[in-house]
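This report concerns only the one structure given below.
The values are calculated or read from the model by the stated rules, or taken from the named source; none is laboratory data. A quick note: this is a predicted structure, and the numbers were derived from the prediction, not measured. Cβ atoms come from the backbone with ideal geometry, glycine included; neighbour counts cover every protein chain shown. Heads up: the accessible areas ignore ligands, DNA and RNA and are worked out on the full protein's heavy atoms, side chains in. Shrake-Rupley method; radii C 1.70, N 1.55, O 1.52, S 1.80 Å.
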Amino acid sequence: MNQIYSALDIATWFIYKNYAEKKENQASNDDYEVYESLTHLKLQKLLYYAQGISLSQNDCVLFKEKIEAWEHGPVVKSVFNKFSSKGRTEITIEDVSDANIIRKIESDTKAREV
């Protein structure tokens, strides 16, 4: 992984990935609800885990921003500023603007695998 992304880039990828998996689940008429809504709190935790996995498996950061320790868990401030207004409601693809990053991350095997 040569590319270091922004935390918002990785967050956008998580949002699109969640959306795609939910659509796939609906298309297969699967009654088993595996894919839940992606909330702001879940997104922060996913970023925390992804950064840790990248550091342990690839010996480099996935995104450049610092993760801060807040009362309710890890927080990347730029992602907090972007999505905190959503509160406990689902973050949807309509809440993000740049779909080009999806292709970039999808083509980066190490980032995608993290």
(request) Find all pairs meeting these conditions: Cβ atoms under 8 angstrom apart; at least six residues apart or on different chains; first residue within the range 42-53 and under 14 Å from K77 (Cβ atoms) and without any contact (Cβ under 8 Å) to a residue 40 or more places away in the chain; second residue of a type outside the set (D, E, K, R) and open to solvent by 60 Å² or more (accessible area, probe 1.4 Å). (result) Q44/F80
(request) Give the range 73-105 a look and list any residue that's open to solvent by less than 100 Å² (accessible area, probe 1.4 Å) and free of Cβ contacts under 8 Å to residues at least 12 places away in the same chain, or say none. (result) N100
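Please count how many residues of the range 58-72 are exposed (fewer than 13 other Cβ atoms within 10 Å of the Cβ) and over 21 Å from Y16 (Cβ atoms). Spell out how you get there, then give the answer.
Filtering the range 58-72 down to residues exposed (fewer than 13 other Cβ atoms within 10 Å of the Cβ) leaves 59-60, 64, 66, 68-72.
Now drop any that are not over 21 Å from Y16 (Cβ atoms), which leaves 59-60, 66, 68-72.
The total comes to 8.
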(message) What's the total number of residues in the range 63-91 that are under 15 Å from T39 (Cβ atoms), part of a helix (DSSP H, G or I) and of a type outside the set (V, I, T)?
(response) 6
(message) From the list L38, L8, L47, L43, exactly one residue is part of a loop (DSSP other than H, G, I, E, B) and either crowded, with 16+ Cβ neighbours inside 10 Å or at pLDDT 95 or above (or both). Which is it?
(response) L38
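If I filter the range 27-35 for residues that are within 16 Å of the chain's Cα centre (by Cα) and at pLDDT below 95, do I get at least one hit? Please lay out each step first, then the result.
Narrowing the range 27-35 to residues within 16 Å of the chain's Cα centre (by Cα): 35.
Applying the additional criterion that residues be at pLDDT below 95 yields 35.
Taking every residue of the range 27-35 in turn, at least one turns out to be within 16 Å of the chain's Cα centre (by Cα) and at pLDDT below 95.
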